[in-house]
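Asker: One structure is given below, represented as structure tokens, and several questions about it will come after.
The values are calculated or read from the model by the stated rules, or taken from the named source; none is laboratory data. Just so it is clear, the structure is predicted and the values come from calculations on it, not from any experiment. Here the Cβ positions follow ideal geometry from the backbone for every residue, glycine too, while neighbour counts run over all protein chains shown.
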């Protein structure tokens with residue numbers, strides 16, 4: 001059951017109704033039942049992966065806590081006992097994740113081969129949301145080990161945190177200490193939160209169904225026929241794909257965040273208008289925020305403070321100087337983080353290259369920051385002007401567009417084909433001769449996409465200036481307020497993309 005299906009709207013309305021009319025002490029059981037039912041709509045075969053992960057985390061968390069209580073006066077002894085439990089549990093969770101990512105792909109390839117030979121095939125099971133709930137459970141165990149969280153003594157309550165349906169398929173990657181207490185609290189109906197939640201959901205559906213799904217038609221058409229397209233068309237498709245993936249993923253986050261707000265719950269923010277970023281590092285602090293903070297807290301920082309990296313830094317410093325020694329503390333952890341980030345997004349070489357591309361940009365901007373400042377000063381560039389900041393934002397956006405070229409074509413061969421056409425067969429007349437309107441979107445739909453992107457940009461500019469759009473709407477007179485509501489609702493109803501061939505389950509980040 002996708003978030004954009006009619007049956008989800010019926011399901012969500014029923015959940016909200018039961019959530020508020022039943023006794024408040026069973027609200028968490030309503031959410032647990034609804035979450036299990038929601039997940040089962042994708043097939044019962046996927047549930048064992050999730051249950052196995054929750055069982056591992058539950059018993060490991062209890063065991064770590066037991067050792068900490070038993071050795072409360074001897075921290076060193078407690079860590080010595082807890083560490084093997086933590087590492088074993090993390091290894092098991094990672095094994096399930098790797099199997100879900102790599103094993104299912106291998107099984108699918110074998111199945112396709114057997115079909116080609118007209119032999120019996122293996123069933124291929126894809127564990128939906130496995131990256132998101134696995135990372136959440138690993139952070140749960142790590143926080144218990146660090147004494148930053150407490151172990152859950154009720155398995156069903158931990159299961160609710162794991163499978164809470166608005167976030168289970170695409171995140172955000174929630175921390176147990178932030179979300180679990182909210183799930184167990186008793187919530188009264190709040191009209192303001194209800195309205196704000198609905199507004200956020202409508203905005204999310206607008207981004208997903210009106211913008212992202214419309215742009216997807218153009219992008220899929222162009223990249224479905226790379227050999228027959230010009231560089232100009234491919235460039236437009238790459239730019240559109242950048243906006244598409246943002247509207248698709250951030251739209252989903254708005255939908256699940258708005259629905260949770262209706263229930264009185266606050267999920268972590270996952271986007272902070274990343275296209276206003278002035279550097280690659282800032283971009284990834286604003287894009288998929290919970291993934292970035294997860295890697296920072298559980299990969300980057302442990303590597304930085306590890307004795308081996310500190311020792312390596314000291315050796316390099318003694319042999320080559322202070323600055324190279326410091327660079328080790330940047331290069332090693334960031335390389336590990338971005339290699340893993342690439343693997344998180346996909347298992348092919350293109351994703352590894354994609355991860356190393358972003359890692360190299362961030363590493364170079366950090367290590368060579370003094371030289372960059374000297375060049376800027378030598379060129380007499382005033383870095384405080386608005387024009388320079390606009391240049392930085394455009395530059396960062398183009399870096400993101402180029403990164404899309406590493407993944408959207410689907411293979412290394414297609415990447416080279418796209419690059420060749422951008423360089424040798426650009427044909428700029430393709431921007432003006434009307435051929436853009438023959439690539440899945442006719443002229444009205446193409447122009448509508450541009451107008452809607454303009455609306456998105458305008459709202460984002462207001463938010464970037466600190467203006468709370470929802471507060472502004474709520475503070476307006478009733479006629480204007482309800483006019484905005486109706487415009488938003490009917491814009492989705494009239495201009496949303498659906499119909500024959502529409503895949504309602506095609507949220508891009510459900511694949512990760």
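Asker: Taking residue 258, is it touching a residue at least 40 places away in the same chain (Cβ under 8 Å), more than 14 Å from residue 170 (Cα to Cα) and part of a helix (DSSP H, G or I)?
Answerer: yes
Asker: Please state which of the following conditions residue 185 fails to meet, knowing it meets all the rest: (1) at pLDDT below 95; (2) surrounded by fewer than 21 Cβ atoms within 10 Å (Cβ to Cβ); (3) touching a helix residue (DSSP H, G or I) at 6+ places or on another chain (Cβ under 7 Å).
Answerer: The one condition residue 185 does not meet is (3).
Asker: What is the number of the single condition among (1) on the phi > 0 side of the Ramachandran plot; (2) under 27 Å from the mean Cα position of the chain (by Cα) that residue 396 does not meet?
Answerer: Among (1) on the phi > 0 side of the Ramachandran plot; (2) under 27 Å from the mean Cα position of the chain (by Cα), the lone unmet condition for residue 396 is (1).
Asker: Of everything in segment 68-97 that's in contact (Cβ under 8 Å) with a residue 60 or more places away in the chain and in contact with a helix residue (DSSP H, G or I) (Cβ under 6 Å, 6 or more places away or on another chain), which residue is surrounded by the fewest Cβ atoms within 10 Å (Cβ to Cβ)?
Answerer: By that ranking, first place goes to 68.
Asker: Test each condition in (1) assigned by TED's automatic domain parsing to the domain that holds residue 494; (2) more than 17 Å from residue 223 (Cβ to Cβ); (3) outside any helix (DSSP H, G or I) for residue 440 and report the one that comes out false.
Answerer: Among (1) assigned by TED's automatic domain parsing to the domain that holds residue 494; (2) more than 17 Å from residue 223 (Cβ to Cβ); (3) outside any helix (DSSP H, G or I), residue 440 violates only (2).
Asker: Hey, another quick one. Kindly provide the set of residues from segment 410-426 that are touching a residue at least 60 places away in the same chain (Cβ under 8 Å) and exposed (fewer than 15 other Cβ atoms within 10 Å of the Cβ), ordered by number.
Answerer: 410, 411, 412, 423, 424, 425
Asker: Can you name the condition, by its number, that residue 474 falls short on among (1) within 28 Å of the chain's Cα centre (by Cα); (2) touching a residue at least 60 places away in the same chain (Cβ under 8 Å)?
Answerer: (1)
Asker: What number of residues within segment 211-229 are without any contact (Cβ under 8 Å) to a residue 12 or more places away in the chain and outside any helix (DSSP H, G or I)?
Answerer: Selection size over segment 211-229: 2.
Asker: OK, next. Looking at segment 382-409, which of its residues are surrounded by fewer than 13 Cβ atoms within 10 Å (Cβ to Cβ) and in a loop (DSSP other than H, G, I, E, B)?
Answerer: 382, 383, 384, 385
Asker: I'm told residue 334 meets every condition in (1) touching a residue at least 60 places away in the same chain (Cβ under 8 Å); (2) crowded, with 17+ Cβ neighbours inside 10 Å; (3) over 23 Å from residue 235 (Cβ atoms) except one. Can you identify the failing condition by its number?
Answerer: All conditions pass for residue 334, except number (1).
Asker: What's the number of the only condition in (1) in contact (Cβ under 8 Å) with a residue 60 or more places away in the chain; (2) farther than 19 Å from residue 247 by Cα that residue 442 fails to meet?
Answerer: (1)
Asker: Another one. If you check every pair at least six apart or on different chains, which have Cβ atoms under 6 Å apart with a residue in segment 149-164 that is farther than 15 Å from residue 37 by Cβ first and a residue that is in a loop (DSSP other than H, G, I, E, B) second?
Answerer: Qualifying pairs under 6 Å: 158/152.
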